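Notes for the one structure printed next.
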Amino acid sequence: MFERLFNAMMAAKKKSGEAGSNAPSILQAFVQKKTEQIRKDYGCHAVEYSVEMENGQVRLKAKAKI
């Protein structure tokens, strides 16, 4: 699952011309931390991620899946 998310993020950055880190370990650490935070805040087990464009920048969006 993480590999798909990373590939989607890199494809979106390439398409938008946005420079960014290509290190999967950085994104993986962020996703792990964000997942733990959302699980704690919302009391859920699953967190859903999406790659979106916002103001011309690629953003990773996370939401609790209840």
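General observations
- Degrees between helix 2-16 axis and first principal axis of the chain (Cα, 0 to 90, nearest 10): 40
- Dividing the Cα radius of gyration of the chain by its Kirkwood radius returns 0.99 for Rg/Rh.
- Relative to the dominant Cα principal axis of the chain, helix 24-42 is inclined by about 30°.
- Take Met53: with every protein chain present and a 1.4 Å probe, its accessible area is about 110 Å².
- Restricting attention to the stretch 4-64, lysine pairs at least eight places apart or on different chains and with alpha-carbon atoms under 24 angstrom apart total 13.
- Within the accessible area of the chain (1.4 Å probe), percent carbon and sulfur: 51
- Normalised contact order of the chain, rounded percent, pairs of Cα under 8 Å and 6 or more residues apart: 33
The values are calculated or read from the model by the stated rules, or taken from the named source; none is laboratory data. Bear in mind the structure is a predicted one, so any value in this text is a computation, not a measurement. We work out accessible area using only protein heavy atoms, side chains counted, and drop any ligands, DNA or RNA first. Shrake-Rupley method; radii C 1.70, N 1.55, O 1.52, S 1.80 Å.
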